[in-house]
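The values are calculated or read from the model by the stated rules, or taken from the named source; none is laboratory data. A quick note: this is a predicted structure, and the numbers were derived from the prediction, not measured. Every residue, glycine among them, receives a Cβ derived from its backbone with ideal geometry; neighbour counts consider all protein chains shown. We work out accessible area using only protein heavy atoms, side chains counted, and drop any ligands, DNA or RNA first. Shrake-Rupley method; radii C 1.70, N 1.55, O 1.52, S 1.80 Å.
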Amino acid sequence: MQKILESLASRVAEILEKNLPTAGEDWWRTAVIDRLSIQQQRLVVDRRVTSLSGLDLAALLRVFDQNWHDLGYRLNLDSQTRNWLKEAQSIRNRWAHLPSGGMRPDDAYRDVDTIYRLLGSLGAEQTTLDQIQNERERMLLKLAPQAKAGGGHLRLPHRLLGKFIKERSFV
């Protein structure tokens with residue numbers, strides 16, 4: 001999951017670096033610093049951060065969200081992308097404060113799926129999306145036996161169902 005979160009941070013930073021400087025001469029203060037929480041502002045000052053690449057994922061997601069109206073319009077992003085962005089903030093927090101028992105596999109899958117969808121909407125590179133798709137498939141296959149044992153139903157896409165059957169030697 002760490003690598004997936006790093007991919008998200010990288011893509012969000014790229015988008016912000018390309019678009020925020022057009023907000024005016026004082027864009028660093030108005031579009032970044034003023035949009036951070038007080039705690040994040042203190043960290044930026046204490047660490048002498050002067051560029052978006054120096055911000056962590058939580059700060060990058062907050063800056064994107066706080067500049068949504070301008071960025072969403074400029075990049076032609078829909079409301080679903082905003083929902084995924086907001087959910088990504090919760091995902092980041094959940095994984096940053098992971099309980100000692102770890103994450104439930106179905107919740108972990110949902111988090112990866114949301115980030116995959118967000119990155120797709122933000123125009124991430126295909127290699128990044130392919131890597132995350134492979135992780136989604138791996139997680140689905142891991143969840144399949146749990147659904148059967150729990151009496152639940154798991155609907156797999158046709159290509160995954162074939163892969164699942166082949167790997168389990170049902171044919």
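For this structure, a couple of remarks:
- Here the gap between W95 and D65, fully extended at 0.36 nm per residue and compared with their Cα-Cα distance, gives a gain of 8.9 nm.
- For W84, the solvent-accessible surface computed with a 1.4 Å probe is close to 50 Å², ligands and nucleic acids excluded.
- Sparsely packed loop sites in segment 28-134 (the trypsin sites (Lys or Arg not before Pro) outside DSSP H, G, I, E and B with at most 11 other Cβ atoms within 10 Å) comprise R47, R48.
- Förster radius 25 Å - calculated FRET efficiency between K142 and R47 (Cβ-Cβ, nearest 0.05): 0.05
- Taking every Cα-Cα distance in segment 1-127 and sorting them into 10 Å bins from zero, the calculated P(r) comes out as 12, 44, 33, 10, 1 percent.
- Computed with a 1.4 Å probe over protein heavy atoms only, the accessible area of I38 comes to about 110 Å².
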